[in-house]
Amino acid sequence: MLDLLIRNATLPDGREGIDIAVRDGRIAEIGRGVDAPARETLTLDGWLVTPPFVDPHFHLDSTLSAGRPRANRSGTLLEGIEIWGDLAPTLTAEDVKHRARELCHWSIARGCLAIRSHVDVTDDSLMAVDALLELRRELAPWIDLQLVAFPQSGFYRHRSAPDNVVRALDRGVDVVGGIPHFERTTEDGAASVKALCEIAAERGLLVDLHCDETDDPNSRHVETLARETERLGLQGRVVGSHLSSMHSMDNYYVSKLLPLLQEAALTAIANPLINIALQGRCDTYPKRRGMTRVKEMIAAGIPVALGHDCVMDPWYGLGSHDMLEVAHMAAHVGHMTGVDEMQALFAGVTTTAATALHLEGYGLEPGCHADLVVLQARDPVEAIRLRATRLHVLRRGAVIARTAPEEVSLDLGDTRRKVDFLGGRATTGG
């Protein structure tokens, strides 16, 4: 007896009329014409079923704090840093947990069931670390939270950061983080990359560094990151996040850099919403977009995932944690509106992001966790175009979020029309 049978689904790879059988929280069978009794059957109208969305780059400790203690009037990165410096000392564990929990509820409703969150470890009490570790345990039945020990003020620039990174890892934080371009000198930045990668190698951990989040084309710490990855045998375990400076580098240097990243098996994470909002602020015209070279890295065989980064915090006052909005922005900023390109962006917020996080049991194969999202769309391109409604969100085979299908009816005098935004189709009735 199956626990659940989903009928007539469309999959991201284009297969239609697919049935998905679920038993004991995992996919038992997937294909056409599954014939088995089930306690519950969910019959779809050919809607797209995908593994859940994954946000590989976020900041739960600062989320939903916009306007405290004051608004970011300029909208700039530097004013955001000043505001966070004033706000951070006033935070409590309950406040951090409350805001992060609320964001996670938004995330679940949007079909995002895994988040990698960087957490600032420059507070010697590690209050936010402890708060998010508690929240990770509390929400584990419904969402996977992976935490990064992030010395936001710099590994060497902040006096106690080296000790605090280790203390955070000892408490159960999953990933080693850093921010080499924020160190006081280029040499300190390179040294921080080396030290942080060595910590990860010694402990068998993953690495995810904020790397070259700047308009300066001479910020090239990702080069050091690739070198240390190979030196320490960390291939496949290292992420370079943002990589914004690559947007401003000359093509000749990038033609040398991309093979290095590919050889080191690095994953890149772009953050389209935040990069387009914060980078290029000192430019007059033309203004740089600031998002890293997503298209070129994908073409070079480098995995690229997409993160939301911020929602309503001192750096970004917008957002609702919709990973389809992230992919939608990337399509525009990166000139990636070709069909194959948009398929790659959809993977950037699903399968590629899951691989970057080393998520166990993720996917649409027998034996994978029955963590699924039913979208009111027929294919990934349509899902991005519409930022499609999440009709059902499933965790281990149980529906944990539902949204009514979007339907619009127009009354235009003698003509009544139901507008179907799927493929631009519309029906007319008298």
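A short reminder: the numbers here are calculations on the coordinates, not readings from a lab. Not measured: the values here are computed from a predicted model. Because the Cβ atoms are built from the backbone with ideal geometry, glycine has one as well, and the counts that use them run over all protein chains shown.
Can you pull the percent of Cα pairs in region 374-416 with separation above 17 Å? Summing the P(r) tail past 17 Å for region 374-416 gives 49 percent. Within the shell defined by Cβ-Cβ distances under 13 Å, the residues around LEU278 carry a net charge of -2, with Lys and Arg each +1 and Asp and Glu each -1. Angle of helix 186-203 to the longest C-alpha principal axis of the chain, folded into 0 to 90 degrees and rounded to 10: 60°.
Principal-axis analysis of the Cα atoms of the chain puts helix 221-231 at an angle of about 90° to the longest axis. Summing Lys and Arg as +1 and Asp and Glu as -1 over all other residues whose Cβ lies under 13 Å from the Cβ of ASP55 gives a net charge of -3.
Go ahead and collect, in residue order, the members of region 178-211 whose backbone nitrogen is under 16 Å from a label point 7 Å along the Cα-Cβ direction of ARG288. What the label zone holds, given the 16 Å backbone N cut-off, is 181-182, 211.
In the elastic network of the chain, a GNM with C-alpha springs shorter than 10 Å, the most mobile of PRO217, PRO89, PRO259 is PRO89. For LYS287, the lysines whose Cα falls under 23 Å of its own Cα, not counting residues fewer than eight places away in the same chain, are LYS295. Close amide-amide hydrogen proximity is noted between LEU147 and SER117, ASP174, VAL175, each under 5 Å apart and 5 or more residues distant or on a separate chain (H modeled in the peptide plane; Pro and chain starts excluded). Exposure proxy ranking for SER255, SER125, SER107, based on other Cβ atoms within 10 angstrom of each Cβ and starting from the fewest, stands as SER125, SER255, SER107.
Per-residue Cβ neighbour counts within 10 Å put ARG110, ARG288 in the sequence ARG288, ARG110, beginning with the fewest. A cut-off of 5 Å between modelled amide H atoms, ignoring neighbours fewer than 5 places along the same chain, links LEU391 with VAL374, LEU375, GLN376. Per-residue ellipticity at 222 nm computed for the chain from its helices equals -10000 deg cm²/dmol, with DSSP H segments shorter than 4 residues left out and the rest contributing -39,500 (n - 2.57). Listed by Cβ neighbour count within 10 Å, with the fewest neighbours leading, LEU394, LEU205 appear as LEU205, LEU394.
Counting only alpha carbon atoms, the long axis of helix 323-333 and the longest principal axis of the chain meet at about 70°. A value for Rg/Rh (Cα atoms, Kirkwood Rh) was derived from the coordinates, and within the list [x] 0.99; [y] 1.15; [z] 0.94 it appears as [x]. A cut-off under 15 angstrom between Cβ atoms defines the neighbours of ARG32, and their net charge, with Lys, Arg +1 and Asp, Glu -1, is -3.
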